[in-house]
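Presented below is the structure to which this report refers.
The values are calculated or read from the model by the stated rules, or taken from the named source; none is laboratory data. Note that the structure is a prediction, hence the values are computed from the model and not measured. Cβ coordinates were reconstructed from backbone atoms using ideal geometry, including for glycine residues, and neighbour counts include every protein chain displayed.
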Amino acid sequence: METMMRSFAKLYHSMRLQRPGATTTDYIESISKARHDKNVADDHTKTHPCDELDASDTSYNSWLIEHPSALRCFKDMISNAKGKKIVVFLDYDGTLSPIVNDPNRAFMSDSMRSAVCEVARRFPTAIISGRSRDKVYEFVKLDEVYYAGSHGMDIRGPPRQLKTYDGKYQTKDFDIKGNDYVIFQPAQEFLPKIKEMLGELEKKTSKIQGVMIEDNRFCISVHYRHVHQEDYDMLQERVQCVLAKYSSFHLTKGKKVMEIRPSIKWNKGDAVEYLLDTLGLASSSDVLPIYIGDDRTDEDAFKPLPSPNLSFTSSLLRAGVATTTSTPTLPLLTESAASTHWPHRI
Ligand SMILES: O=P(O)(O)OC[C@H]1O[C@H](O[C@H]2O[C@H](CO)[C@@H](O)[C@H](O)[C@H]2O)[C@H](O)[C@@H](O)[C@@H]1O
């Protein structure tokens, strides 16, 4: 218990420190201030209950009761973990690395790497990111961790074939040390279209200053952090124009980024379930999965987590990240509702 507490404390400490100007004492207090500071608010947080309501607001307070912050309830969380098998899921951008202007330079600090490594040596740990799996590995460089890239559509997980998929989408893999894995890629059939779309997006947006298109393998990110606000409409129209030709794709929104994803019912939450299943822990009542993330797509991952009384939000991390950006928002074009059954298209 003691060692478990130390490993998590180290991880939380690293997350707190990556927030510019953060100290361990001002952390919680700064959140409500950040919500009202127009200069530091990130577009992404505006519609979140945590950000629209005042700390004295009763609905905000009741929301907090249902979604206690992991940092504020750290001790409770640890005592709830007594006797449980812990599995740790982590987002990358904004969680293990700070939000920075250049997506190619979102490096992880050495102290964060060592904290994640320590946690991963004690508990099964996976990083689930919107980035390509290779890119996240390039940043993290830890072999102790499982990786899921492309919002969970590219998983390198435990070597367990699942009957549910009848061998479909699963291929065997191993690393240089001879460790076995299974790669799970439920969106393989979309790869040719994604390649095509990448070319079209690059052509259509090349004249708009500041656009950056990132190939995340099973999805595409169109970054607009450096685009002039007066060009937002033009960018939006051009992306929409390309997307209109590809009916089996849809858009979701992140921090100053539009994410183009295949329309299948598969997100970070499904990746969490898949990993628990392949770890042989899906139906065990003594399992405590912990997910830490800062973005809206991470909320998909909270959904499959069991018993609400053991679920904690990372709203403080969200607010912490929100203070690092200040540019205005590009409205979301479309966001499809997820259907409930795999393998539906959505
Ligand atoms: O699921 P995640 O790992 O959080 O990935 C979401 C997006 O993260 C990255 O973009 C974000 O971080 C960049 C670096 O700090 C920042 O410059 C950008 O504005 C953010 O949106 C990544 O580059 C995207 O591809 C992911 O979709």
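What is the one condition in (1) out of contact with any Ser or Thr (no Cβ under 6 Å at 6 or more places or on another chain); (2) not in a loop (DSSP other than H, G, I, E, B) that Glu144 does not satisfy?
Answer for Glu144: the failing condition is (2).
I'd like to check something: does segment 296-303 contain any residue that is buried (at least 22 other Cβ atoms within 10 Å of the Cβ), at pLDDT 95 or above and either farther than 25 Å from Ile99 by Cα or not polar (S, T, N, Q) (or both)?
no
Quickly run through segment 117-133 and pick out the residues that are farther than 17 Å from Glu214 by Cβ, part of a helix (DSSP H, G or I) and within 14 Å of the ligand (Cβ to nearest atom).
Those that are farther than 17 Å from Glu214 by Cβ, part of a helix (DSSP H, G or I) and within 14 Å of the ligand (Cβ to nearest atom): none in segment 117-133.
For Val145, state whether it is crowded, with 22+ Cβ neighbours inside 10 Å, closer than 26 Å to Ile290 by Cβ and in contact (Cβ under 8 Å) with a residue 12 or more places away in the chain.
Against the criterion (crowded, with 22+ Cβ neighbours inside 10 Å, closer than 26 Å to Ile290 by Cβ and in contact (Cβ under 8 Å) with a residue 12 or more places away in the chain), Val145 does not qualify.
Applying the selection to segment 67-120, what residues are surrounded by fewer than 17 Cβ atoms within 10 Å (Cβ to Cβ), modelled with pLDDT of 95 or more and in contact with a Phe, Trp or Tyr (Cβ under 9 Å, 6 or more places away or on another chain)?
Val100, Phe107
Can you find a residue in segment 222-232 that is under 25 Å from Glu299 (Cβ atoms) and more than 16 Å from the ligand (Cβ to nearest atom)?
No - not one qualifying residue is present in segment 222-232.
Let me spell it out: the conditions are (1) surrounded by 15 or more Cβ atoms within 10 Å (Cβ to Cβ); (2) touching a residue at least 24 places away in the same chain (Cβ under 8 Å); (3) within 16 Å of the ligand (Cβ to nearest atom), and Pro289 meets all of them except one. Which number is the exception?
Just one mismatch for Pro289, condition (3).
Quick one: Thr252 ticks every box in (1) closer than 25 Å to Ile86 by Cβ; (2) modelled with pLDDT of 80 or more; (3) β-branched (Val, Ile, Thr) except a single one, so which number is it?
So the condition that Thr252 fails would be (1).
Name the residue, out of Val87, Val100, Val136, that is β-branched (Val, Ile, Thr) and part of a helix (DSSP H, G or I).
Selected residue: Val136, the only one of Val87, Val100, Val136 that is β-branched (Val, Ile, Thr) and part of a helix (DSSP H, G or I).
Does Ile208 qualify as being within 15 Å of the ligand (Cβ to nearest atom) and out of contact with any His (no Cβ under 7 Å at 6 or more places or on another chain)?
Criteria not met by Ile208.
What is the residue count in segment 248-277 for residues that are part of a loop (DSSP other than H, G, I, E, B) and under 23 Å from Lys193 (Cβ atoms)?
Total meeting the criteria: 5.
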